[in-house]
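Taken together, the values in this text are just the output of simple stated rules run on the coordinates, not laboratory data. Only a predicted model underlies this, so the values are computations on that prediction, with no experimental measurement involved. Cβ placement follows ideal geometry from the backbone for every residue including glycine, while neighbour counts extend to all protein chains displayed.
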Amino acid sequence: MTIRTLVLLRHAKAETPGELSDIDRRLTTRGETDADAAGAWLADERLQPGLVLCSPAARTRQTWQGVSIALAQAQPGGGTPEVRYEQGLYHGGRTEVFDLVRKVPETIRTVLVVGHNPTVSEVSLMLMPDDQWDGQEIELKTAGLAVHRFESPWTAFEPRAMPLVERHTARG
């Protein structure tokens, strides 16, 4: 059976809400640096996504941009994943994440979801099997990553079925 890897990434540090609409909020300078660090960490861990599901918000798009540049620099010629900007990752919640991942083609082994809290943290907690989760609340910080793996097709993507194998907060 093929091992599938799901990487959940909370967007990097964004501007505080001001006159811009929430979807237009951009990364701070620290956020840009942290997004680069997230990409470098993914490269170091050899986690090259075949598909990226990204919220269309400016801060998530910028986070993905920083990650993609760092991945490309670390692994020249490593290939470029397909990127889908999904409204459900901005306007939706946990159900939309599960629905999107279940539709991933079986040829894809690693998926990166770039999204927002509380959704990405909640999905990570929901994926952990009962014997791994001790009831504590775990919140991904900005530029926080959670790596989950399982040996089933994406169509079998369900709560409590994908153990957490690593958690990391990227800081540049």
Under unit Cβ charges (Lys, Arg +1; Asp, Glu -1), what dipole magnitude, rounded to 20 debye, does the chain have relative to its Cα centre?
320 debye
Expressed in angstrom and ordered largest first, the alpha-carbon extents of region 4-169 along the principal axes are 42, 37, 26
Are there chymotrypsin sites (Phe, Trp or Tyr not before Pro) in region 1-108 that DSSP puts in a loop and that have at most 16 other Cβ atoms within 10 Å, and which ones?
none
Say a site is exposed when it is one of the GluC sites (Glu not before Pro), sits in a DSSP loop, and has at most 15 other Cβ atoms within 10 Å; what is then the longest site-free stretch of the chain?
46-105
Assuming 0.36 nm per residue, please report the length gained on full extension of the stretch LEU20 to ALA74 beyond their Cα-Cα distance.
16.0 nm
Restricting to Cα pairs under 8 Å and 6 or more apart, the percent relative contact order of region 4-169 works out to 32 percent
Subtract the Cα-Cα distance of THR28 and ASP44 from 0.36 nm times their separation in residues, and report this length gain in nm to one decimal.
3.3 nm
